[in-house]
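Single-structure report; data block below.
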Amino acid sequence: MALAFDEYGRPFIILKEQEQKTRLRGIEAQKANISAGKAVARILRTSLGPKGMDKMLQSPDGDVTIMKLHTEVVFKKFPDVFSFWRSANDGATILEQMDVDNQIAKLMVELSRSQDYEIGDGTTGVVVMAGALLEQAERLLERGIHPIRIAEGYEMASRIAVEHLDHIAQNVNRCKRPLAEISVKAVLSVADLERKDVNLDLIKVEGKVGGKLEDTELVYGITVDKDMSHPQMPKKIEDAKIAILTCPFEPPKPKTKHKVDIDTVEKFQTLRQQEQKYFDDMVQKCKDVGATLVICQWGFDDEANHLLMHRNLPAVRWVGG
């Protein structure tokens, strides 16, 4: 490449060896485009499924991005400076971080982005499937089949697949009525009929692994996804009177630095009895107000947990909100 000027002083660029460059045509151009699409699918294929591997991407600025499950970790140029932010390990997120120049590869990126916008899931699967279809199309091209005929075959296969999905989807239609009733009851329970307004933020949908779709139920109240602090505490309490503690279930700590010297067994026993008496008084105060269940915003140690279990006062700890 050289820079020259015309008689008016205007610059123009001279590209050398242009006659040696050729434009791809026909089957070679089609194979080149298919290879670009297969390359993108090959990158995402190893991140698909429960055993999918993480991806490490390096930006032009030198930042290294590690795409992990539900977390994106970015390490800066200096090892002592790093930051975290939430992200999903899906195809759309990975492709967004990649610098793609090929037009066919950009179509694969748009395919993943459209899937994320329309459905919100399956962004990796659509790219991997598109790559597999391109791989099979390449074999058909080598056999001399015209690309239009291949596209028509894929359209026909797509219609057959959609019809089959409609057929097998009829098995879950029996859940439409119960789920619709649950949805209507949930909306009516939080709706302001006078103002004709509904605050959908008051309705929370919780999903649990296992079970069946028929196990779905509506709970009027608050669901706390926590276990009892002690495994021997009762799992079911009817007509419970709940005491909500926003303070830690432990002795108060001094605001200044302190040091306790214990040189005899008697002093240790005295300190232990004083701490146990403090726990006992807290448990007794909860029992005196008639509480049958204690929900603590903070945690408590094993001694307090053991005392709660022996005083027949079930408790749940580490409940934020």
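The values are calculated or read from the model by the stated rules, or taken from the named source; none is laboratory data. This structure is a prediction, so every number in the text was calculated from the model and none was measured. Because the Cβ atoms are built from the backbone with ideal geometry, glycine has one as well, and the counts that use them run over all protein chains shown. Just the protein is used for accessible areas: all its heavy atoms, side chains included, with ligands, DNA and RNA removed. Shrake-Rupley method; radii C 1.70, N 1.55, O 1.52, S 1.80 Å.
Can you confirm whether segment 154-164 contains a residue that is at pLDDT below 90, surrounded by fewer than 16 Cβ atoms within 10 Å (Cβ to Cβ) and more than 30 Å from residue 214 (Cα to Cα)?
no
Go over the candidates 221, 211, 290 one by one and state the one that is at positive phi, open to solvent by less than 100 Å² (accessible area, probe 1.4 Å), assigned to a loop (DSSP other than H, G, I, E, B) and in contact (Cβ under 8 Å) with a residue 12 or more places away in the chain.
Testing whether each residue is at positive phi, open to solvent by less than 100 Å² (accessible area, probe 1.4 Å), assigned to a loop (DSSP other than H, G, I, E, B) and in contact (Cβ under 8 Å) with a residue 12 or more places away in the chain leaves just 290.
Go through segment 240-269 and report how many residues are part of a loop (DSSP other than H, G, I, E, B) and touching a residue at least 24 places away in the same chain (Cβ under 8 Å).
The total comes to 8.
Tell me, which residue of segment 103-122 that is under 20 Å from the mean Cα position of the chain (by Cα) and either aliphatic (A, V, I, L, M) or part of a helix (DSSP H, G or I) (or both) is nearest to residue 39 (Cα to Cα)?
Only one residue tops the list, namely 112.
Suppose the filter is in a helix (DSSP H, G or I), more than 22 Å from residue 307 (Cβ to Cβ), in contact with a helix residue (DSSP H, G or I) (Cβ under 9 Å, 6 or more places away or on another chain) and not polar (S, T, N, Q); does residue 275 pass it?
Judged against the criteria, residue 275 is not a match.
Hey, can you tell me all the residues within segment 307-321 that are over 18 Å from residue 241 (Cβ atoms), free of Cβ contacts under 8 Å to residues at least 24 places away in the same chain and either of a type outside the set (Gly, Ala, Ser) or buried (at least 17 other Cβ atoms within 10 Å of the Cβ) (or both)?
Selection gives 310 alone.
Out of all the residues in segment 248-271, is one or more in contact with a helix residue (DSSP H, G or I) (Cβ under 7 Å, 6 or more places away or on another chain) and of a type in the set (Lys, Arg)?
Scanning segment 248-271, I find no residue that is in contact with a helix residue (DSSP H, G or I) (Cβ under 7 Å, 6 or more places away or on another chain) and of a type in the set (Lys, Arg), so the answer is no.
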